[in-house]
1. Hey, does segment 118-131 have a residue that's assigned to a strand (DSSP E or B), open to solvent by 10 Å² or more (accessible area, probe 1.4 Å) and either among the β-branched types (Val, Ile, Thr) or closer than 24 Å to SER179 by Cα (or both)?
2. Only one of these conditions is not met by ALA62: (1) closer than 16 Å to CYS82 by Cβ; (2) crowded, with 16+ Cβ neighbours inside 10 Å; (3) not aromatic (Phe, Trp, Tyr). Which number is it?
3. Can you name every residue in segment 40-58 that is under 23 Å from PHE153 (Cβ atoms) and open to solvent by less than 50 Å² (accessible area, probe 1.4 Å)?
4. For segment 5-44, give me each residue that is on the phi > 0 side of the Ramachandran plot and over 14 Å from the mean Cα position of the chain (by Cα).
Amino acid sequence: MWNGLVGVAKETYTASLGEGVVPRPLMMPLVRGELVGLIWVRPLKVGQDALAGIAELANIAAAAGADEVVLAWETHDVATACELPIVGPAPCLNMVLATRAGHVLHQFPYTEQLLSRSSDGWASVAPDWRPALEPQPGGELVPPIQAAVDFSFTPIELDHPDPFGVTVVLMEEDGYRISLTEAFAR
């Protein structure tokens, strides 16, 4: 399963960077080894809104009762959005696999090869994936990612017959892009 999730993240990054866009942070919650879906963070404003928006990715995992979560983000992009120092390699696709018991940080550095530049300055690039760094059990996570990991395993208490369904609807209304697998689709 892990290799498949890494493949999805790398394919998403390659396609998005080719269009001149860095993909937004992504969460992939799992329940008993089954993927719930893909949740991309909503459009963010720099600063506190970005910190909160990334942490709120945890809502779907918590509502689904996830026992594992995978988060993917780009080092420079999250640091810039959250006004944090850049920690670790950049550019780099970071992925963390987390359970209640702990987490392992995986880093996939890359260099960017310029494909084209638009007249208004947007660059389309292709990632040239470098060798992955050694997995880091308990590796340091930037604050919004750490918060998303922590909150993913905190049960959501909603007085509603379908807390998962209502959480999905509320997050979609807030601008999160959610693609549920067939088993979890409403």
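1. We begin by selecting, within segment 118-131, every residue assigned to a strand (DSSP E or B); these are 123-129.
So of that shortlist, the ones also open to solvent by 10 Å² or more (accessible area, probe 1.4 Å) come out as 123-129.
Narrowing further to those that are either among the β-branched types (Val, Ile, Thr) or closer than 24 Å to SER179 by Cα (or both): 125.
Yes, segment 118-131 contains at least one residue that is assigned to a strand (DSSP E or B), open to solvent by 10 Å² or more (accessible area, probe 1.4 Å) and either among the β-branched types (Val, Ile, Thr) or closer than 24 Å to SER179 by Cα (or both).
2. (1)
3. Taking segment 40-58 as the starting set, the residues that turn out to be under 23 Å from PHE153 (Cβ atoms) are 40-42, 50-58.
Passing the criteria: TRP40, VAL41, ARG42, ALA50, LEU51, ALA52, GLY53, ILE54, ALA55, LEU57, ALA58.
4. Step one: list which residues in segment 5-44 are on the phi > 0 side of the Ramachandran plot, which gives 20, 32-33, 37.
Across segment 5-44, the qualifying residues are GLY20, ARG32, GLY33.
A quick yes/no check of all residues on (1) in contact with a Gly (Cβ under 8 Å, 6 or more places away or on another chain); (2) in a helix (DSSP H, G or I); (3) under 21 Å from SER179 (Cβ atoms):
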| residue | (1), (2), (3) |
| --- | --- |
| ARG42 | yes, no, yes |
| ALA79 | no, yes, no |
| LEU93 | no, no, yes |
| ALA147 | no, yes, no |
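The values are calculated or read from the model by the stated rules, or taken from the named source; none is laboratory data. Worth saying up front: this structure is predicted, and the values here are computed from it rather than measured. Neighbour counts are summed over all protein chains in view; Cβ atoms, including those assigned to glycine, are modelled from backbone coordinates with ideal geometry. Quick note on the areas: whole protein, heavy atoms, side chains included, nothing else; ligands and nucleic acids left out. Shrake-Rupley method; radii C 1.70, N 1.55, O 1.52, S 1.80 Å.
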